[in-house]
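Structure record follows, encoded as structure tokens.
The values are calculated or read from the model by the stated rules, or taken from the named source; none is laboratory data. Given the structure is predicted, the values throughout are model-derived calculations rather than measurements. In this analysis, Cβ positions are derived from the backbone assuming ideal geometry, glycine residues included, and neighbour counts consider all displayed protein chains. What goes into the accessible areas is simple: the full protein's heavy atoms, side chains included, and nothing from ligands, DNA or RNA. Shrake-Rupley method; radii C 1.70, N 1.55, O 1.52, S 1.80 Å.
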Amino acid sequence: MFVKKFIDKISSKPAAAGVVSTGLGPKDVRAQLVFHYGIPATSTTVAYDPINKILAISTIDGRIKLFGRNNTQHLSVSDLPLPSKFLQFFGNRGLLLNVTTENHIQVWKLAKCELLSTHIYQSEITAFTVMQETPLMYIGDNVGNISVLKIEESETCNLSMPCKILFSESHGIRTGAAGDTKVKFMLPQPKSKNKRILIIFEDGIINLWGIEETKSLFVIGGTTSTAIPVDSRKVSASSWVCSSGTKVAVGYTNGDILIWSIPNMITHQSKSSSSQNMALSKLNVGYKTEKIPIVSLTWISTEGKENRLYVNGFSDLGHYSHLCQVILLNENMESRTIKFILPLSESCRDITVVSGFGEQKKNPNKFVLLLLKSGELWLYNDSEIEKYLLQCRSNQPLWVPKYVHVKTPLGSSTAITIAIFATLKDNSSCSKDEEDSTFLSRKEHCIFSDSSRENMLTNSKQFSGFSKIKKLYITGHQDGAINFWDASCPLLISILSIKYQSKDCHSLNENPVTAMYFDINSNVLASGYQNGLVNFFVFQKSDTAFSFLQAKQGCSYTTNSIKLNGAVTSISMNSTSSRLAIGTDKGFVSVVEIGMNILYTKYFPSDTHQGIASMHFEQVFLKGSEYNTLLIASKDTTIYALDASTGLVMTTSPFCAKNPSPCLLMQTLVIQDGMHLLLICSEKSIRLYFLADAIQGIKKLYIKKRISSACFWASTFCSPSAGYGLILVFTCGKIQIRSIPDLILLNESSMKIYDGVLCSSSDGELIMAKGNQEILFISVLRQSNAYRLLGSISQVYDDTANPLQRSPSLMKSYDENNMFDKNRQSKDTEDFMLNIDDIDLEDSKEKSKVGNFALLNKNIGKKFTAVKGKLKKKYTTGSDVNRSESEEEDKAAGTINEIKKRYGYPLSNELEIPRQAGAKLHDNIKKLESINQRTEKLHNSAKTFSNMAKQLLRSAENGKQN
């Protein structure tokens, strides 16, 4: 231990005296996730907010991905990497609730995408539901108890427990095994104004609980049912299948699907259980025959049309073709079952219904979203499925509905095998108008669009060059394709796709791209493949587009090619001499010209790690002469130096580490005072050599640093003001940033980026791709302004669009039942609020704009004074005499109302109140429609003015040029 610490202490100091550090300090760097694009591959649960059009996807490692309107998306990361059990939005409060497998209830604020609070529940949570339009949520546990939690009105949104429903009160009937007491589902009854909730236990007991009455109102189901034989089945899924809340479908572990009748508030009687404990019907769709458990039931209601029930089953046998079905529900339960089996290639984890993504319709289409086991998302148009089911019922010619893959960042491309990230223009060279237009064009391509995938990739004939691109992302794929992406904004746009074809026009399928080199100055691309093929592309600038030069004619594009021995592992280019160095996994290095004429080939054997890891052309001065050298690093970190012109070995003897490990990076650096260094990074160490000594085979070490963990990727970056830095990524997900040349650790962070393809630009921007589903954008410089409009892309929720909605009547009922603290006084009467009645929509064309504003201020002032006077008068003019008289009148009126209620007559003004409310609602709707029309007019006027301004600006610029 002492020797190790002594060596580390010595190695932390530069070997060369008098060399000053670069000035890159801890305050300048920090590895941070800038943007996450796509769908996490480890997704497990989905939830949808139909009001704000937000989709949430939780992962097995505790991340939550949010998708909103206009292609906005954001990835939230929790400190505890725990999977989710339940994921629900909290109405119009801008909150998302996540229940983890460790029974932690997380409260996320959507406006800032931050975790506000975490409530640790003491028991195992088996059921969870939110009572919309209230601050309440119901939690069922494994012992049958139900807790009611309330979100406090505070910045942290802490949770409190005002009441608890015990198992002895909510279950009603006690039969079955001791382990069947779990609360499986809690469904608020539709049309009950949050006054009824249906509680379903694991043993099959269905209990309708009255919230105002705080007691059980109706009990049915369970293993005591005479219609169903007693077996080991347990409840596993449930859903309402009626808009009035009178029918519920329950799925069981043995494959049964039963529909039960539930009384609503109008038909409910005083009896606490059904006289006949029998289900209304049983759906026979094949699950019971093969004992396939029902995972989930999703019901879609359409007014005046046939309802549909989506059934998802689970099987360990690997048969997925019939696990997910759609059933057409109708009133005639004895008719034949009409169903459609969704042809899935793998099991489905979760199902939800979404609408409104990327659509500007008043009544957007509903899509059924299926989350598959691999993390893929499939979309089915529910209206197409409805048409198909109706055709099946009438025995008409059928057409099968087709699914649509949710658009991934890389479209339909296969997995990435290698990538290049290059900065073509810095931020200062791009105007804000150009960035804004680029950003708006990307927001039009919604990730949930059901458009055809043929338009995802641009044809090479439409390619117009790289002149307008700030950041270029090049990806090589498993199937041999090469795609060019505009990465100026994190929402990638494809600009060119190349798929190599042989002379007989047959594409090379399953021939992965293993190496690429792109020269920014000359716009040259060289690509190597696993079968030893090397393609060479030259893009020459022209007035209108780029073209391929000096190449043989192919089927859809032109290219030069050459075949070498072994899979290509490394490519480097000397732009001055137009020569390429190509290394393979068998240890061969070939130097070729642009015309693909092989100049020479060298072989470099190795006893430990065979193959070439990295190469680099460099001009150096040795003994007063200039040499064009080719530096070669084999995979065992052995360094060779060749004369690039002749291929002769310049080193007297190649040097390598005493304990060789796979080489990750070799790069030449020019630091302060013009000193040339050679950087070598391996899995276990970082070393800096003097370049001139390394070429001559002299092991003169500048500095060395051992690495404690296993490193799998390394790269350098350059800060314009502070110099070079080194990025190290470890297999455990840790990222280190070190200074150059002293290799001091500046920053260390942890990210889950150990299972993807990494690449970086020279200015410290990283891109990591996981398969073809998700891409991570990472920055290491704190002051980096690589993506100016990230705030607009990441804002999935607008807290000003939807005001907070409450249910005062329900809260009042809870207060009357002593469920909350009665000492808390309401201050709602002291708050003045301007409502829709205060909006005057009458046109006043004769008045000026100033007059309108003055009149508006005057009206608001009068309104405020009148309301304030009424409240003051209400609280100050009351006397004991008036109070006693009003109490006597209230008693008399109450007696009359009780008599009317007893004999079934309507109460006083009971019929008039709904009419008045309906008329008021009709007026408000007219006012809102008028507001929408005026808003559209203002928007069109602003758009017209913007176009005129742009035309005027172009005319002025043309005038200056002339």
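Restricting attention to segment 34-51, the residues that are in a strand (DSSP E or B) and of a type outside the set (S, T, N, Q) add up to 9.
Consider T44 carefully, then state whether it is within 30 Å of L491 (Cα to Cα), open to solvent by 20 Å² or more (accessible area, probe 1.4 Å) and within 15 Å of the chain's Cα centre (by Cα). Considered against the rule, which asks whether it is within 30 Å of L491 (Cα to Cα), open to solvent by 20 Å² or more (accessible area, probe 1.4 Å) and within 15 Å of the chain's Cα centre (by Cα), T44 comes out as yes.
Selection of segment 52-71 for residues being in contact with a strand residue (DSSP E or B) (Cβ under 6 Å, 6 or more places away or on another chain), open to solvent by 10 Å² or more (accessible area, probe 1.4 Å) and not in a loop (DSSP other than H, G, I, E, B) yields only R63.
Any chance segment 618-634 includes a residue that's among the polar types (S, T, N, Q), modelled with pLDDT of 85 or more, in a strand (DSSP E or B) and under 17 Å from S682 (Cα atoms)? Checked segment 618-634: at least one residue is among the polar types (S, T, N, Q), modelled with pLDDT of 85 or more, in a strand (DSSP E or B) and under 17 Å from S682 (Cα atoms).
V107 meets the conditions (1) β-branched (V, I, T); (2) in contact with a Lys or Arg (Cβ under 8 Å, 6 or more places away or on another chain); (3) assigned to a strand (DSSP E or B) in every case but one. The failed one is (2). Of the residues making up segment 35-61, just one is more than 29 Å from K366 (Cβ to Cβ) and either modelled with pLDDT of 90 or more or polar (S, T, N, Q) (or both), namely F35. With the condition kept exactly as written, say whether any residue in segment 600-613 is touching a Lys or Arg at 6+ places or on another chain (Cβ under 6 Å) and either part of a loop (DSSP other than H, G, I, E, B) or charged (D, E, K, R) (or both). Within segment 600-613 (the criterion being touching a Lys or Arg at 6+ places or on another chain (Cβ under 6 Å) and either part of a loop (DSSP other than H, G, I, E, B) or charged (D, E, K, R) (or both)), the answer is yes, since at least one residue qualifies. Of the residues making up segment 88-99, those that are free of Cβ contacts under 8 Å to residues at least 60 places away in the same chain and crowded, with 21+ Cβ neighbours inside 10 Å number 5.
Scan segment 385-401 for residues that are part of a helix (DSSP H, G or I) and of a type in the set (F, W, Y) and the total you get is 1.
Restricting attention to segment 692-705, and to residues there that are touching a strand residue (DSSP E or B) at 6+ places or on another chain (Cβ under 7 Å) and part of a helix (DSSP H, G or I), which single residue is surrounded by the fewest Cβ atoms within 10 Å (Cβ to Cβ)? Checked segment 692-705; the qualifying residue surrounded by the fewest Cβ atoms within 10 Å (Cβ to Cβ) is A692. Can you find a residue that is at pLDDT 90 or above, surrounded by 22 or more Cβ atoms within 10 Å (Cβ to Cβ) and not β-branched (V, I, T) anywhere in segment 792-802? No; the residues of segment 792-802 include none that is at pLDDT 90 or above, surrounded by 22 or more Cβ atoms within 10 Å (Cβ to Cβ) and not β-branched (V, I, T). In the set (1) modelled with pLDDT under 90; (2) out of contact with any Leu (no Cβ under 8 Å at 6 or more places or on another chain), L745 fails one condition alone, (1). Can you pull out the residues in segment 604-647 that are over 48 Å from the mean Cα position of the chain (by Cα) and farther than 22 Å from Y689 by Cα? Result: S645, T646, G647. How many residues are farther than 19 Å from D519 by Cα and open to solvent by 20 Å² or more (accessible area, probe 1.4 Å) if we restrict to segment 565-594? The qualifying residues number 4. Just so you know, in segment 706-731 the residues that are open to solvent by 30 Å² or more (accessible area, probe 1.4 Å) and part of a strand (DSSP E or B) include one that is farthest from E765 (Cα to Cα), and it is R706. S232 falls short of the stated requirement of being out of contact with any helix residue (DSSP H, G or I) (no Cβ under 8 Å at 6 or more places or on another chain), open to solvent by 40 Å² or more (accessible area, probe 1.4 Å) and modelled with pLDDT of 90 or more. Filtering segment 737-782 to residues that are outside any strand (DSSP E or B) and over 18 Å from V34 (Cβ atoms) leaves I740, P741, D742, L743, I744, Y754, D755, G771, N772, Q773. From the list L664, L678, the lone residue that is surrounded by 22 or more Cβ atoms within 10 Å (Cβ to Cβ) and touching a Cys at 6+ places or on another chain (Cβ under 7 Å) is L664.
Consider segment 595-609 and keep the residues that are farther than 24 Å from L665 by Cβ and modelled with pLDDT under 90. The one that is least open to solvent (accessible area, probe 1.4 Å) is M596. One residue stands out in segment 610-649 among those that are surrounded by fewer than 19 Cβ atoms within 10 Å (Cβ to Cβ) and aliphatic (A, V, I, L, M): the one that is farthest from K700 (Cα to Cα), namely L648. Taking residues in segment 194-205 that are farther than 14 Å from L258 by Cα, and partners anywhere that are at pLDDT 90 or above and aromatic (F, W, Y), the pairs with Cβ atoms closer than 6 Å and at least 6 places apart or on different chains are I197/W209; I199/W209. Within segment 379-407, residues that are in contact (Cβ under 8 Å) with a residue 12 or more places away in the chain and more than 15 Å from V354 (Cβ to Cβ) sit with their Cβ atoms under 7 Å from residues that are open to solvent by 60 Å² or more (accessible area, probe 1.4 Å) and in a helix (DSSP H, G or I), at 6+ positions apart or across chains, in these pairs: P401/E384. For segment 183-192, what are the residues that are farther than 16 Å from E169 by Cβ and either in a strand (DSSP E or B) or under 33 Å from the mean Cα position of the chain (by Cα) (or both)? Result: K184, F185, L187, P188, Q189, P190.
Within segment 900-914, if we keep just the residues that are loosely packed, with under 10 Cβ neighbours inside 10 Å and in a helix (DSSP H, G or I), the residue that is modelled with the lowest pLDDT turns out to be R902. When only residues in segment 75-86 that are within 15 Å of the chain's Cα centre (by Cα) and surrounded by fewer than 21 Cβ atoms within 10 Å (Cβ to Cβ) count, which is modelled with the lowest pLDDT? Ranking the qualifying residues of segment 75-86, first place goes to S78. Regarding segment 244-254, can at least one residue be identified that is basic (K, R) and at pLDDT 90 or above? Scanning segment 244-254, I find at least one residue that is basic (K, R) and at pLDDT 90 or above, so the answer is yes.
Is one or more of the residues making up segment 682-689 open to solvent by 10 Å² or more (accessible area, probe 1.4 Å), among the polar types (S, T, N, Q) and closer than 22 Å to T423 by Cα? No: zero hits.
Criterion applied to S168, S160, S147, S123 was being open to solvent by less than 10 Å² (accessible area, probe 1.4 Å), among the hydroxyl-bearing types (S, T, Y) and more than 18 Å from S239 (Cβ to Cβ), and the one residue passing it is S147. Exactly one residue among V311, V295 is among the β-branched types (V, I, T), modelled with pLDDT of 85 or more and open to solvent by 40 Å² or more (accessible area, probe 1.4 Å), and that residue is V295. Does E153 qualify as being assigned to a helix (DSSP H, G or I), surrounded by fewer than 19 Cβ atoms within 10 Å (Cβ to Cβ), of a type outside the set (S, T, N, Q) and at pLDDT below 90? So E153 does not fit the description; no.
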